[in-house]
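Encoded as structure tokens, the structure appears first; notes follow it.
The values are calculated or read from the model by the stated rules, or taken from the named source; none is laboratory data. Nothing here was measured: the structure is a model prediction, and the numbers come from that model. In this analysis, Cβ positions are derived from the backbone assuming ideal geometry, glycine residues included, and neighbour counts consider all displayed protein chains. All accessible areas refer to the heavy atoms of the entire protein, side chains included, with ligands and DNA or RNA removed. Shrake-Rupley method; radii C 1.70, N 1.55, O 1.52, S 1.80 Å.
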Amino acid sequence: MSSPKFEEFLSKVTSKVKYKEARNMIKKELTNHLQELSQSYKNRGFSKEDADEKTIQEMGNPFTIGENLNALHKPKMDWVLIVIFIIIAGISFLPLVGGVPKISLSSTYFVGQQAIWYTIAVPVILGFLFFDYQKLKNWWMYFYAGGLLVHLYLHLFGNTTSGAKKWISLSGLTVDGTMISLFLFFIAWAGIFNKINEFQSWKKQGLLFVLFWTPILFYMMVPNFMNSIIYFFCLLGMFACARVHQKLAINLIVTNIVAGILFIIIFIMTSHQSYLFTRLFTVINPDADPNGAGYLYIAVRNVLTEAGWFGNGLYNDLNFQLLPETHTDFAFPFLVYSLGWAFGIVLCFILLIFVSRISKNAFKTKDLYGRLIVIGGAALFAVPTTWNILMGLGIVPIMEVSLPFISYGGSGILFYAAVLGLILNVYRRKDMVEPTIVDFK
């Protein structure tokens, strides 16, 4: 128990600390330090009262200490990340200024819609920024159940577009239900990985197995192969940083590798294999089917070949004739064709800085749950960004995947706004939370 002198000293120190969370952490750290210092004086022959008095004298002016600690433990904003986000948001309007192919609505309409979505995205970011994110970590079961309910709703009432039953219509507003579920599963797994070492028994490991594979199966049923890939790498990133005990980690890795191999074998043997293989292997030789599955690959190649270093301008017709969805899935090749390879390289560099900045921020917090959120969020940005760009270069199979914050669409913008808000939240509170990352054997 802390002495009255220590309590008075701590009260004076924390009176200068503005934020409650920081006060609690500082008080705990200083209490330990005071007790250790007092014990050292006792070991040298001082009485308890004299030892406590000497300790307080050595610590110095409590108000000065409080002011210094207040400056150290206060909310911080990652302004660099915010500036990069604003730049990327500005770039997102470029594919819209010349209009959208095969749609009669004017370019002003799409620019206006994009502006509306970004106007909504700002309060979404702020909403996820200014609250205690740690309160979410014990709610993982509810978030996971929410993701399952979204898929149940999609199965029963979802709207189908382009063969995928993933849209939810609410009072005239249509949103991508699979992106909602992906966000909920992401938050749920951050909470699970935060306490992963509690899942030591075989029954609990079996539960983890079911929890991991169920969303993948649901995304395959939609079907939305890209979300399965994003989900997988998001969890892989969090698992790598979850500080799992070695024996448990080996069990989980081996079990899921075996299950993954069986899953792939079964999937290959299904009736949809011809369609799947066509999509996967057309990228190797698109000229084998130039008027069918290989058409888009050839179109991308032709568009990029004619881009040049400085492009053909945003107002052009060639890209509309060759390449559909230039405002969504193929925004990157459109921007390269319109503004040139010089712009494309700069854009890749900007996106690389954005993702690497997020990844770097993950290791600036000593709170495990916060680190898991940021690592998972980095994956949610990195995987679709990488796939979309490589797809736009004709290197990987073409799938329905947007370029975060650049492709047109409200669901994507709001999804990534929520993720970004959480990432900024963790960074903002990194010096205000009690460290939870400890070494173990």
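At-a-glance table
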quantity: Residue check for Ile82: under 31 Å from the mean Cα position of the chain (by Cα), β-branched (Val, Ile, Thr) and under 30 Å from Tyr337 (Cα atoms); calculated: yes
quantity: Qualifying residues in region 164-178 (those that are without any contact (Cβ under 8 Å) to a residue 40 or more places away in the chain and of a type in the set (Gly, Ala, Ser)) - the one least open to solvent (accessible area, probe 1.4 Å); calculated: Gly177
quantity: Close pairs (8 angstrom Cβ cut-off, 6 or more residues apart or separate chains): in a helix (DSSP H, G or I) in region 48-64, of a type in the set (Lys, Arg) anywhere; calculated: Lys48/Lys42; Ala51/Lys42; Asp52/Lys5; Glu53/Lys5; Ile56/Lys5; Pro62/Lys12; Phe63/Lys12; Phe63/Lys16
quantity: Residues that are open to solvent by less than 50 Å² (accessible area, probe 1.4 Å) and under 25 Å from Ile86 (Cα atoms), drawn from region 122-163; calculated: Val124, Ile125, Gly127, Leu129, Asp132, Tyr133
quantity: Any hit, region 254-261, residues being small (Gly, Ala, Ser), over 17 Å from Ala145 (Cα atoms) and open to solvent by 40 Å² or more (accessible area, probe 1.4 Å); calculated: no
quantity: Scan of region 200-217 for residues that are exposed (fewer than 12 other Cβ atoms within 10 Å of the Cβ) and assigned to a helix (DSSP H, G or I), ordered by number; calculated: Trp202, Lys203, Val210, Leu217
quantity: Region 381-414, residues that are among the aromatic types (Phe, Trp, Tyr) and in a helix (DSSP H, G or I); calculated: Phe381, Trp387
quantity: Options Leu352, Leu304: the member that is under 31 Å from the mean Cα position of the chain (by Cα), at negative phi and at pLDDT below 90; calculated: Leu304
quantity: Test for Leu318: is it surrounded by fewer than 15 Cβ atoms within 10 Å (Cβ to Cβ) and modelled with pLDDT under 90; calculated: yes
quantity: In region 166-199, the residues that are of a type in the set (Ser, Thr, Tyr) and either within 27 Å of Ile250 (Cβ to Cβ) or not in a strand (DSSP E or B) (or both); calculated: Ser171, Thr178, Ser181
quantity: Among the residues listed as Gly163, Gly112, Gly127, the single one being under 23 Å from Met432 (Cα atoms) and of a type in the set (Gly, Ala, Ser); calculated: Gly127
quantity: Conditions (1) over 29 Å from the mean Cα position of the chain (by Cα); (2) open to solvent by 70 Å² or more (accessible area, probe 1.4 Å): number failed by Ser40; calculated: (2)
quantity: Candidates Thr436, Thr365, filtered to the one that is open to solvent by less than 20 Å² (accessible area, probe 1.4 Å) and part of a loop (DSSP other than H, G, I, E, B); calculated: Thr365
quantity: Qualifying residue in region 389-401 (condition: farther than 30 Å from Lys20 by Cβ, without any contact (Cβ under 8 Å) to a residue 40 or more places away in the chain and surrounded by fewer than 24 Cβ atoms within 10 Å (Cβ to Cβ)); calculated: yes
quantity: Filtered residues of region 1-37 (kept if part of a loop (DSSP other than H, G, I, E, B) and surrounded by fewer than 15 Cβ atoms within 10 Å (Cβ to Cβ)); calculated: Met1, Ser15, Lys18
